[in-house]
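Bear in mind these aren't lab numbers, they're just calculated from the coordinates by the rules spelled out. Computed from a predicted model, the values in this text were never measured in an experiment. Here the Cβ positions follow ideal geometry from the backbone for every residue, glycine too, while neighbour counts run over all protein chains shown.
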Amino acid sequence: MRIFRGIDNLPDFKNSVVTIGSFDGVHRGHQKLLDRIKQLSSEIDGENVVITFDPHPRQIIYPKDESLLLLSNIHEKRALFEKYGVDNLVIVPFSFEFSRQDPREYIEKFLLEKFNPKFIVIGYDHRFGLNRAGDLSLLKQYEEKNDFELIQIEKQELEEITISSTKVRNALLNGNIEMATRFLNHFYKITGVVVHGEKIGKTLGFPTANLKVSNKFKLIPMEGIYAVHIYHQGVKMHGMMYIGDRPTLPRVKGKSIEVNIFDFNENIYDDEITIELVKFLREDEKFDDLDALKNQLFIDRKHAKIALGDIQPEKLKSRVAIAILNYNGVEYLESFLPAVLSSMKSEDCEIVVIDNGSTDESINYVKEWHPEVRLIVFRKNYGFAEGYNRGIKQLDNEYIVLLNSDVLVNDSWLDPIIRYMDEHKDVAACQPKILSLDDKSSFEYAGAAGGHMDFLGYPFCQGRIFDTIEKDEGQYDGQHEIFWSSGAAMVTRRKLFKAVGGFDGSYFAHQEEIDLCWRYQRAGFKIMAINDTSVYHLGGGTLDYKNERKTYLNFRNNLTSIIKNNASINLIWLFPFRLILDGVAGIKFLSAGNWKSTVAIIKAHFYVYANIVKIYKRKNEYKKRINKLSKSSPYKAKLFNSSILWQYYIKGRKKYSELN
């Protein structure tokens, strides 16, 4: 391709076929013009000529307009014109004087005199000359007299959306790289010079080339992480790019464009590189610390390599992540983590320890003794609910296993559950049979053989009702539909967990799994106990079952779940009734000399009353999420259609098998 800067020394083009415009982005609409001029020049044994302008006309005509967003600078356009087979590129220096040409002068002195065209090919909306007064009809007046033919390209449609530079810009600003690429018919490019940065990426194991883009009007896409191609001195490389203001690093100011080039460690400071955006991976976000950011960057790199074809999707991740939430539990990790590791028989499963701001030796123990375990470390204790929310946010597995750090597992305990969930896509969560580590012949309090809920909102289990715990005699073996799965050993689908909003972080701990399972069911999914497999739970390892703090959290969170998951009309009778029954429970604690638990119940109620507006706000937020997921005939949650208090205290039915 021949390139001419300016119009003073142009050659006599042979049978020229000319098109003219800004060609910002050289999108598919522009490419129709290029295809036509190539076709025509071939037919008449001529040469095609593209006329474009630098700088962009709006920069000259409206010098104070800062809203201009350009898809391509002149160097990027030049490369694209060459890619699409243009013979001649004429770059006209656009000036204020040039913009003041009368439309007829523009035609006569510029188009006809300089290019002597046989064909002029223009788009449907082409305008030219002073105040853009020139148009198709004016050009046609010169057609016969000057022996050229005028050809207009009609609107080009892509998925019923008119292709235009504006459409491309909107797609890029919304992170829709796939749509922008389809409009452009090539990857969007950003060219700049590599400059020195803060060197923080290097300390994280992800060194970056900081890019300085000289043209202030160049469109910078939506902030976030992208899979990209990088071109340096004619060599194509793969990497990922970050655009944003680095919210995890508050002391670092200003928007940054940084590129991590895979398998590359050369010094390229002051060199020019070009970036091609292949795929938008995720939005920019703030992390608690650099460790959390580093963990996410590992995931981003895997996703980028898949998008770029460097690795196959099946090699991206293990399908299953066993996520163990830990807070100052080094003795539990020492006792139980080795068994979890030995139970893993496949690379399809990884183990992740989510540390909730431990101050003991937990982190050092995992790093020293089990380096194969992935660590996600937080600076403070977010509790069970929010700790898991934040940890799971950094995982990308199909299934997440929530496993307490004080649970002993055996070989292949997980296989029947994963197999069942693979075969039953309408199941959101499952649990194994949970037995007591202290008495392996008995069920354990936290979940037993599967959780249930009565119509008044009181939870109980197959194998445990209130403080009565049954012996395991195989009476609940098999696969059973339940109301809630214990958080001590729950298997759930990650995407579904995210879709319903995860745990309610305000719960901190206790009954967050009941609230989650309730929402799963409202969205039309089932909860199952797969009692063909079992685990052993120490129980009360993190907070004693009779602790008044636990009493407070249980009553507070239970009342909150009732409000969020019941229709408001039902709460008119249900909530006052619960107030009375909770009062009876408080009197029972008081008569037993446990006045602290009575106070805990009172505090729980006052918390709910004081925060009723916030609770209803969360109720509405979850409702919107559930409505997006709900099937046309949603599955109805199976509450026990009686009072467990009546059954237990009045009728004396202490076992689940005795209930009716």
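Figures for the structure shown
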read-out	value
Residue exposure sequence - V235, V427, V608, V213 - by fewest surrounding Cβ within 10 Å	V235, V213, V608, V427
Relative contact order (percent, whole number), the stretch 2-158, Cα cutoff 8 Å, 6+ residue spacing	30
Column: log10 I(q)/I(0), Debye, Cα scatterers of the stretch 546-629, q = 0.19, 0.21, 0.26 Å⁻¹	-0.84, -0.96, -1.25
Long pairs among K216/K624; K38/K216; K393/K619; K38/K114; K279/K425, criterion Cα-Cα beyond 31 Å	K216/K624; K38/K216
Dipole-positive endmost among N594, S256, Y84 within the chain (Cβ charges, Cα centre)	N594
Global size of the stretch 187-310 as Cα Rg and Dmax, reported in angstrom	13.4, 39
Radius ratio Rg over Rh of the stretch 1-80, counting only Cα atoms, Kirkwood formula for Rh	1.01
Pairs from K255/K302; K255/K286; K32/K118 whose Cα-Cα separation, in the structure shown, is over 20 Å	K255/K302
Separation of alpha-carbon centers, the stretch 256-278 and the stretch 436-459, rounded to whole Å	56
Equivalent ellipsoid dimensions for the chain as semi-axes, Å, which come from the Cα gyration tensor, largest first	66, 27, 22
Partner aspartates and glutamates for K77 [C-alpha distance under 12 Å; skip if fewer than 8 residues away on the same chain]	D24, D54
Charge dipole (debye, nearest 20) of the stretch 62-154; +1 at Cβ of Lys and Arg, -1 at Cβ of Asp and Glu	180
Check: the chain dipole with +1 on Lys, Arg Cβ and -1 on Asp, Glu Cβ, in debye	2220
Along the chain, longest interval not containing exposed GluC sites (Glu not before Pro), exposed being DSSP loop plus at most 15 other Cβ atoms within 10 Å	474-660
Unit Cα scatterers, Debye sum, the stretch 340-449: log10 I(q)/I(0) for q = 0.10 Å⁻¹	-0.35
Candidate lysines for bridging to K617, where Cα separation is under 17 Å - those fewer than 8 sequence places away on the same chain excluded	K564
Within the chain, helix-based [θ] at 222 nm, where runs of 4 or more DSSP H residues each add -39,500 (n - 2.57), nearest 500	-10000 deg cm²/dmol
Spatially proximal lysines relative to K596 (Cα-Cα < 24 Å; intrachain offsets below 8 disregarded)	K546, K550, K588
Base-10 log of normalised Debye intensity for the stretch 2-158 (one unit scatterer per alpha-carbon) at q = 0.13, 0.15 Å⁻¹	-0.58, -0.79
Under 11 Å, Cβ to Cβ, from A304 - net charge with Lys/Arg +1 and Asp/Glu -1	+3
Given charges at Cβ of Lys, Arg, Asp, Glu: the chain dipole, positive-most of L139, I527, S657	S657
Antiparallel DSSP beta bridges within the chain, percent to nearest 5	55
